[in-house]
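What follows is a short report on a single structure.
The values are calculated or read from the model by the stated rules, or taken from the named source; none is laboratory data. All figures in this text were calculated on a predicted structure; none of them were measured in a lab. With ideal geometry, Cβ positions are generated from the backbone for all residues, glycine too; neighbour counts draw on all protein chains shown.
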Amino acid sequence: MNRLLRLTGLAALVLLISIAAHAQAIPSTYSSTFAEPRADVRADGKLVISFTATGDLAGTLTLTLSPEDAGYAGEWAFMVGRLEETGEAAGTIDTPDGAAGSGAPQIFIQRGALSGTVAGAVVTFDADGEVTHVVAPLAVDAGTLEFKDAHGTGQATFAGLSLVF
């Protein structure tokens, strides 16, 4: 009887560990939208595009792309964080758009960074050489802090970002 209880307990423990491992392996999908992108074509032909993101993941995404035979390739980095009010009143604060802010001091909460590679990105330019659209397939290769074990895929466009990791 004692041996049966030990075997049953061991089987239950193995089942719980298996369920926990499976639950951690299920990827999550994150979506963010972008404000107006900032794009610069450097003299060497490299294209650097930065976006300010809001949504599931807020922060700044930067794509660094080089022309290749099949579109653009390169790397990307996403600093994820948010501003949080401390709750202490400090008068009003003028925001860049001229509107009065809440006046509460804010601190930056760093959630972590994500980074990886870009391959086969499509970039569209207007007649003046300005970037008008990007579709960039992303590989999530590394992460820090909250995202330290992140590996997956995603896509960035001028409209927003979708990541699965």
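Read through the list (1) free of Cβ contacts under 8 Å to residues at least 60 places away in the same chain; (2) more than 16 Å from V123 (Cα to Cα); (3) touching a Phe, Trp or Tyr at 6+ places or on another chain (Cβ under 8 Å), then give the number of the only condition that I26 fails.
(3)
L114: modelled with pLDDT of 90 or more and touching a helix residue (DSSP H, G or I) at 6+ places or on another chain (Cβ under 8 Å), yes or no?
Answer is yes for this residue.
So if I check each of S28, S50, S32, S66, which one is more than 21 Å from S162 (Cα to Cα), modelled with pLDDT of 50 or more, in contact with a strand residue (DSSP E or B) (Cβ under 8 Å, 6 or more places away or on another chain) and surrounded by 10 or more Cβ atoms within 10 Å (Cβ to Cβ)?
Answer to the check: S66.
Considering region 29-57 alone, what residues qualify as being farther than 17 Å from V123 by Cα and in a strand (DSSP E or B)?
Scanning region 29-57 gives T29, Y30, S31, S32, T33, T52, A53, T54, G55.
Somewhere in region 120-129, is a residue of a type in the set (G, A, S), modelled with pLDDT under 95 and either out of contact with any strand residue (DSSP E or B) (no Cβ under 8 Å at 6 or more places or on another chain) or within 20 Å of A35 (Cα to Cα) (or both)?
yes
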